[in-house]
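Undergrad: Attaching a single structure in structure tokens format; questions to follow.
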Amino acid sequence: MSTQFKVLNPATGELVEIVNLNTEDEIKQALKNGHNAFKKWSKIDAHTRSKLLKDWSRIIQENKEDIAEVMTLENGKPLKESLGEVTYATTYIDWYAEEATRIYGRTIPASSETKRIVVSHQPIGLVAAITPWNFPAAMMTRKAAPALAAGCTFIVKPAEETPLTTMKLVELAHEVGIPHDAIQYVNGKGPDVGTLFTDSEYIRKITFTGSTPIGKLLMRNSADTVKHVTMELGGHAPLIVAEDADLDFAVTQTILSKFRNAGQTCICANRVIVHENIVDAFSERLTKAVNKLIVGNGMDKDTDIGPIINEKGYQKIFSQVNDAIEKGANVLIGNEYKANIEQGSFFVYPTVLKNVKENMTIMQEETFGPIIPIISFKKIEEAVEIANSTPFGLAAYFFTNDYRVGTYLHDHLDFGIIGWNDGAPSGAHVPFGGMKESGLGREGGSEGIEPYLETKYLSIGHFDH
Ligand code: ADP
């Protein structure tokens, strides 16, 4: 059995680095170490933990260029996006460095004058994270920072495609003095490490970002030891353009939402639902704007859209577009590909499809690629019906300046994240997460630390004054 795996550059297929796979014994030992370290780390005062987190954020910023370069090499995203992601990743550390000192308890009026009731919080224990390849820095820090801030210890298994960014960030945490066993990484194949994590009695919580089927599996496998779970799973974001919308603004925001990371994000606009009276004007302006986007190697400074991560992702996009065309969609721009499958490099040009219908696969499954399918609607109720007709409920966007339409959409869309005239709603200070099969729990904001805390109440009896 192989004990190593290759990290490849999806823009060129070239080898970036060879990484060692951890053995089962090494992973078990790491879990034991993380469990043992919890006893010490959880007792360190919150102000010291906060200071260490701030130091971690600072050293990441000092190494920003190097980290961003590694990220672009292993993930393919444009260097400017990688630089943006490194900063975005540190905002989670900064936010939770502050939250560490704000883990308040409360007192509850007792039902008898001889009693006092005090509610306090304590960290839940060792937390295991499994992260995806699309945001190798930010998906890790938005789990690690609240865990460490709460007093939990943390172990992460990064995606096999992009382990290098994560490894570097963990090493920097050690460099500023966060104890080695308080934050660790292990490398291995998803199913193998996943089973070791879910079977382990040392781990009290699994936090996962990835596909819905793997999230469901992890939830099932966490049941025997009743682990806490936070699941950030697939999305299938609708973006509704109402009849009164500011079209140029809606076009800019659609591009912003759709093409980050070549459309490989779980909150990317995936279904563009436009009022029939403006669908031609909107499509025309969108196509013009898409025509300006530059596809290429993420290391080139002009690149807007990098490669698709791997052949599986590439083939999925290709088949969704073909299915749409076969069922009657028109290609306004794109449907071009540049791939060297043998070598392992995969580019998809940004594509706009019009006259899309709900029976097309692209309307039913997450695309994870730079494709915009446009479907039209007559009445706003119909737009909501199309938007909600999916098991997913992560992000939704809409564009309107009519407050009645806006509040109606906000009330009726079953999604955890709503962007009203806003194509980029993420941030460390907000509760990110999905409804329905898009997940459980929230990451970010004051909500994002709660899943790392147990609630304990103390009832003191026999007060006799
Ligand atoms: P994608 O198809 O986009 O790669 P996945 O959900 O398969 O999404 O991957 C997200 C993360 O889940 C990666 O770190 C991957 O290694 C991990 N993973 C894949 N399969 C399993 C599994 N059976 N158990 C635990 N983790 C897994």
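The values are calculated or read from the model by the stated rules, or taken from the named source; none is laboratory data. Note that this is a predicted model, so its numbers are computed, not measured. A quick note on method: Cβ atoms are made from the backbone with ideal geometry, for glycine too, and the neighbour counts reach across all protein chains shown. Just the protein is used for accessible areas: all its heavy atoms, side chains included, with ligands, DNA and RNA removed. Shrake-Rupley method; radii C 1.70, N 1.55, O 1.52, S 1.80 Å.
Undergrad: Whole number in Å², please: accessible area per residue of the stretch 92-140, 1.4 Å probe, ligands, DNA and RNA not counted.
TA: Details: 2140 Å² over 49 residues.
With all protein chains present, the stretch 92-140 gives 44 Å² per residue.
Undergrad: What shape does the chain have by the C-alpha gyration tensor, where a ≥ b ≥ c are the square roots of the eigenvalues, rounded means a/c under 1.5, and otherwise prolate means a/b greater than b/c and oblate the rest?
TA: On the way: a/c = 2.07, a/b = 1.38, b/c = 1.50.
Judged from the Cα gyration tensor, the chain comes out oblate (a/c at least 1.5, b/c at or above a/b).
Undergrad: Take the solvent-accessible surface of the protein heavy atoms, probe 1.4 Å, and return the percent of it on the chain that carbon and sulfur atoms account for.
TA: Numbers: 10230 of 19860 Å².
Ligands and nucleic acids excluded, carbon and sulfur give 52 percent.
Undergrad: Step through the residues of the stretch 168-174 one at a time and calculate ³J(HN,Hα) from phi using the Karplus curve (6.51 cos²θ - 1.76 cosθ + 1.60, θ = phi - 60°), rounding each to whole Hz and writing x for Gly and Pro.
TA: Rounded to whole hertz, the list is 4, 5, 5, 4, 5, 4, 5.
Undergrad: In nm, give the distance between the simple-model label positions of LYS288 and ALA424, each being 7 Å from the Cα along the Cα-to-Cβ direction.
TA: It is 2.3 nm.
Undergrad: What is the gain in length, in nm to one decimal, between THR195 and GLU365 on full extension, counting 0.36 nm per residue of separation less the C-alpha to C-alpha distance? Please list the in-between numbers first.
TA: Working: separation 170, 0.36 × 170 = 61.20 nm, distance 2.71 nm.
Answer, rounded to one decimal: 58.5 nm.
Undergrad: Moving to a separate point now. With each pseudo-label sitting 7 Å past Cα toward Cβ, what's the ARG404-SER120 distance in nm, one decimal?
TA: Calculated label separation equals 5.5 nm.
Undergrad: Only helical DSSP H runs with n ≥ 4 go in: add -39500 (n - 2.57) per run for the chain, normalise by residue count and round the 222 nm mean residue ellipticity to 500 deg cm²/dmol. Show your work: numbers first, answer last.
TA: Working: 14 runs with 179 residues, N = 465.
Roughly -12000 deg cm²/dmol at 222 nm, from the helical runs in the chain.
Undergrad: Cα to Cα, under 19 Å, and not fewer than 8 places away if on the same chain: which lysines meet these conditions relative to LYS40?
TA: LYS32, LYS51, LYS205
Undergrad: Give me the 1.4 Å probe accessible area per residue for the stretch 237-427, excluding ligands and nucleic acids, in Å².
TA: For the stretch 237-427, the solvent-accessible area averages 41 Å² per residue.
Undergrad: I'd like to check one number: the per residue accessible area of the stretch 1-58, probe 1.4 Å, reported in Å² as a whole number. Please list the in-between numbers first.
TA: Working: 3530 Å² over 58 residues.
With all protein chains present, the stretch 1-58 gives 61 Å² per residue.
Undergrad: So, one more: In whole Å, what is the distance between the alpha-carbon centres of the stretch 62-89 and the stretch 435-465?
TA: If you average the Cα positions of each part, the centres end up 34 Å apart.
Undergrad: Taking just the alpha-carbon atoms of the stretch 180-247, what radius of gyration and Dmax come out, in angstrom?
TA: Every Cα atom of the stretch 180-247 included, Rg and Dmax give 17.6, 56 Å.
Undergrad: Can you give me the long-range amide H partners of VAL156? Hydrogens built in the peptide plane at 1.01 Å from N, cutoff under 5 Å, separation of 5 or more residues or another chain.
TA: ALA129, GLN184, TYR185, VAL186
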